[in-house]
Amino acid sequence: MKLAELAARLECRLEGDGDIDVTRVAGIHDAGPGDVTFLANSKYEKLLATTEASAVIARDDAPAARCAMLRARDPYLAFARAVRIFTPEDRPNPGIHPISVIAPTAVLGHDVSIGPFVAVGEDAVIGDRTVVYPSVTIGAGARIGNDCVIHSNVSIRERVTLGARVVLQNGVVVGGDGYGFVRRGDGTHEKIPQVAVVVIEDDVELGANTTVDRPAVGETRIKAGTKIDNLVQIGHGVSVGRNVLMAAQVGIAGSTTIEDDVMFGGQVGVGGHLTIGRGAVAVGQSGVTNSLDPGAMVAGYPAIDSREWRRASVLFRRLPELKRRIEALEKQLAALAGPGNEDETPG
């Protein structure tokens, strides 16, 4: 592809020779002739003078490189789109593999692709152009929208609803039973039937081995545009807002409401029956035990304001030293008091 064509497709401003042939996208450390690289972090600007790439995607105000430049308002977004251009999706052909089992009452849309060892239950609906990779189970009454991608070993349980353009990575389970038990009089536990629904709205992506549980009543819902990383647990009855981001190993306990634009770092844990306000951020490994106001940024366990946590973490490291100093001061005070210097009450 000519660099001028790539610039036009990415809506970038070209500086340099547009007739250069470019064939792939590469990291700035590894790029060579024919490669397009990108600069999104200013700390790597010094590499612009040494890169062997044929072109660099960079901000409008970035220093000039030794090669052609594609000036972009958001270089990282332009990079992502360039990767898609040079590495088109490897989409299987439409059709149903002969060793899959499709219930007679299931409804499949146009140009659906069903891989081998797929099981589709009674009355399930799969939308147009959706791809279902091998060894997927789709339960009775499930509804899957148009242009979804369901990777291998996914389980979509009965009556689950997926919107359009949903991506489920390998091993996702949507609609497994929520963790609901009631203690009997003899100390044993009786299971509460988990019979309600799970709804995943449009343009949601769930990472590998993520689980979204169904509740006993009501619904579990993940709203449009949310992106969830690997190994995340969404408990029963949870409501996740629009455009929420969750990194790996986040756990959300049951009946919690997460409003729009929230961000959770890796290994964040959120208690049950809480409300996480719009735009709140929890730093990685935070333990959120109370509801958060909109726009809050918290860290630590139990999670507190991130600025307070940073100040406190400095003191945590000094605790052994402070303990020694306090003990030394106590000894000095005891020595000054001495056996004959104790305060006496007149009388």
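Return yes or no: is His236 at pLDDT 95 or above and either open to solvent by 70 Å² or more (accessible area, probe 1.4 Å) or in a helix (DSSP H, G or I) (or both)? Here the answer is no, as His236 does not meet what is asked. Scanning the stretch 43-60 for residues that are closer than 21 Å to Arg9 by Cα and either in a loop (DSSP other than H, G, I, E, B) or in contact with a Pro (Cβ under 7 Å, 6 or more places away or on another chain) (or both) turns up Ala53, Ser54, Ile57, Ala58, Arg59, Asp60.
Could you list all residues from the stretch 81-94 that are part of a helix (DSSP H, G or I) and open to solvent by less than 50 Å² (accessible area, probe 1.4 Å)? Lay out the reasoning, then the answer.
Our first condition is that a residue be part of a helix (DSSP H, G or I); within the stretch 81-94, this holds for 81-86.
If the condition is that a residue be part of a helix (DSSP H, G or I) and open to solvent by less than 50 Å² (accessible area, probe 1.4 Å), then Ala82, Ile85, Phe86 are the ones that fit.
Among residues of the stretch 127-153 being among the polar types (S, T, N, Q) and within 11 Å of Asp111 (Cα to Cα), the one that is surrounded by the most Cβ atoms within 10 Å (Cβ to Cβ) is Thr130.
So which of Met246, Met263 is within 11 Å of the chain's Cα centre (by Cα) and buried (at least 18 other Cβ atoms within 10 Å of the Cβ)? Can you show your working first?
Numbers: Met263 fails: buried (at least 18 other Cβ atoms within 10 Å of the Cβ).
Just one listed residue meets the conditions, Met246.
Residues of the stretch 265-301 that are part of a strand (DSSP E or B) and either touching a Pro at 6+ places or on another chain (Cβ under 6 Å) or of a type in the set (Val, Ile, Thr) (or both): Val270, Thr275, Ile276, Val281, Gly287, Val288, Val298. In the stretch 214-232, the residues that are within 12 Å of Thr257 (Cβ to Cβ) and part of a loop (DSSP other than H, G, I, E, B) reach residues that are open to solvent by 60 Å² or more (accessible area, probe 1.4 Å) and of a type in the set (Lys, Arg) with C-beta atoms within less than 9 angstrom, at least six apart or across chains, in these pairs: Lys223/Arg242.
Quick test for you: out of Val120, Val107, Val136, Val112, pick the one residue that is β-branched (Val, Ile, Thr) and either within 25 Å of the chain's Cα centre (by Cα) or closer than 30 Å to Phe38 by Cβ (or both).
Numbers: Val120 fails: either within 25 Å of the chain's Cα centre (by Cα) or closer than 30 Å to Phe38 by Cβ (or both); Val107 fails: either within 25 Å of the chain's Cα centre (by Cα) or closer than 30 Å to Phe38 by Cβ (or both); Val112 fails: either within 25 Å of the chain's Cα centre (by Cα) or closer than 30 Å to Phe38 by Cβ (or both).
Testing whether each residue is β-branched (Val, Ile, Thr) and either within 25 Å of the chain's Cα centre (by Cα) or closer than 30 Å to Phe38 by Cβ (or both) leaves just Val136.
Among the criteria (1) open to solvent by 10 Å² or more (accessible area, probe 1.4 Å); (2) under 29 Å from Glu89 (Cα atoms); (3) hydrophobic (A, V, I, L, M, F, W, C), the one Ile156 does not fulfil is (1).
Inspect all residues belonging to the stretch 91-100 and state whether any of them is in contact with a Gly (Cβ under 6 Å, 6 or more places away or on another chain), modelled with pLDDT of 95 or more and among the small types (Gly, Ala, Ser).
We begin by selecting, within the stretch 91-100, every residue in contact with a Gly (Cβ under 6 Å, 6 or more places away or on another chain); these are 97.
Then drop every residue that is not modelled with pLDDT of 95 or more, which leaves 97.
Applying the additional criterion that residues be among the small types (Gly, Ala, Ser) yields none.
Within the stretch 91-100, not a single residue is in contact with a Gly (Cβ under 6 Å, 6 or more places away or on another chain), modelled with pLDDT of 95 or more and among the small types (Gly, Ala, Ser).
Cβ-Cβ below 7 Å, separation at least six or inter-chain, first residue in the stretch 296-316 and within 23 Å of Ile258 (Cβ to Cβ), second open to solvent by 70 Å² or more (accessible area, probe 1.4 Å) and among the aromatic types (Phe, Trp, Tyr): which pairs? That search, which allows pairs on different chains as well, returns Ala299/Trp309; Gly300/Trp309. Filtering the stretch 187-213 to residues that are among the hydrophobic types (A, V, I, L, M, F, W, C), assigned to a loop (DSSP other than H, G, I, E, B) and crowded, with 16+ Cβ neighbours inside 10 Å leaves Ile192, Ala196, Val204, Ala208.
In the stretch 50-70, what count of residues is obtained for those that are more than 16 Å from Val22 (Cβ to Cβ) and open to solvent by 70 Å² or more (accessible area, probe 1.4 Å)? So that I can check it myself, show each step before the final result.
First, pick out the residues of the stretch 50-70 that are more than 16 Å from Val22 (Cβ to Cβ): 50, 59-64.
Of the ones still in play, those that are also open to solvent by 70 Å² or more (accessible area, probe 1.4 Å) are 50, 60-61, 64.
So the count comes out to 4.
Out of all the residues in the stretch 1-32, which are small (Gly, Ala, Ser) and either closer than 20 Å to Glu45 by Cβ or not in a helix (DSSP H, G or I) (or both)?
Keep residues of the stretch 1-32 that are small (Gly, Ala, Ser), which gives 4, 7-8, 16, 18, 26-27, 31-32.
Passing the criteria: Gly16, Gly18, Ala26, Gly27, Ala31, Gly32.
The values are calculated or read from the model by the stated rules, or taken from the named source; none is laboratory data. A quick note: this is a predicted structure, and the numbers were derived from the prediction, not measured. Glycine gets a Cβ as well: all are built from the backbone with ideal geometry, and neighbour counts include every protein chain shown. What goes into the accessible areas is simple: the full protein's heavy atoms, side chains included, and nothing from ligands, DNA or RNA. Shrake-Rupley method; radii C 1.70, N 1.55, O 1.52, S 1.80 Å.
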